């Protein structure tokens with residue numbers, strides 16, 4: 001497998017737009033490799049290996065409409081009700097902070113397992129529609 005094939009399999013597209021259910025951040029992946037990268041990042045937060053990850057800064061990520069998507073892990077008793085917050089909005093992009101408990105990052109990684117095992121086009125919603133500042137949709141092969 002050549003270098004460009006590997007890079008394509010690792011590609012993750014983040015897109016922020018006004019969707020059918022309001023503001024939406026779509027995490028679009030087209031391979032098991034890319035889906036596994038996302039799962040591993042969630043598990044790093046769940047296992048306290050990292051307390052913060054800017055998804056936009058990951059090498060295989062291309063972002064549209066986002067300057068930052070900061071993923072934060074906090075102890076279970078410190079999780080806020082609103083997990084995804086729009087911290088700043090500019091003409092060139094938006095800055096979001098997504099804070100969840102270690103338990104909920106592990107739960108999100110488990111939702112990815114379902115997509116990996118099903119191995120067909122599908123998606124999971126990872127935030128709450130009426131509570132969070134945007135809906136995060138993880139799309140696999142769609």
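The numbers here are math on the coordinates, done by the rules we state, and not lab data. Small disclaimer: the values here were computed from a predicted structure and weren't measured. Don't worry about glycine lacking a Cβ; one is built from the backbone with ideal geometry, like all the others, and counts go over all protein chains shown.
The helix-based estimate of mean residue ellipticity at 222 nm for the chain, built from -39,500 (n - 2.57) per DSSP H run of four or more residues and divided by its residue count, is -9000 deg cm²/dmol to the nearest 500.
Residue exposure proxy: 33, 52, ordered by other Cβ atoms within 10 angstrom of their Cβ from fewest to most, comes out as 52, 33.
Reducing region 5-54 and region 80-142 to their Cα centroids gives an inter-centroid distance of 9 Å. Here the peptides 55-62, 95-102 are ranked by packing, the mean other Cβ count within 10 Å, and the order with the highest first is 95-102, 55-62. Of the three principal axes defined by the Cα atoms of region 59-118, the extents in descending order read 37, 32, 18 Å. Ranking of 88, 31 by neighbouring Cβ atoms within 10 Å, starting from the fewest: 88, 31.
Annotation: the residues 103, 120, 26, sorted from fewest to most other C-beta atoms within 10 Å of their own C-beta, follow the order 120, 103, 26. Bridge orientation summary for the chain: considering DSSP beta bridges with both residues in this region, about 55 percent are antiparallel. Let me know the Kirkwood hydrodynamic radius for the chain, please, with Cα pairs as the basis and the value in Å to one decimal. With all distinct Cα pairs of the chain included, I get 15.2 Å.
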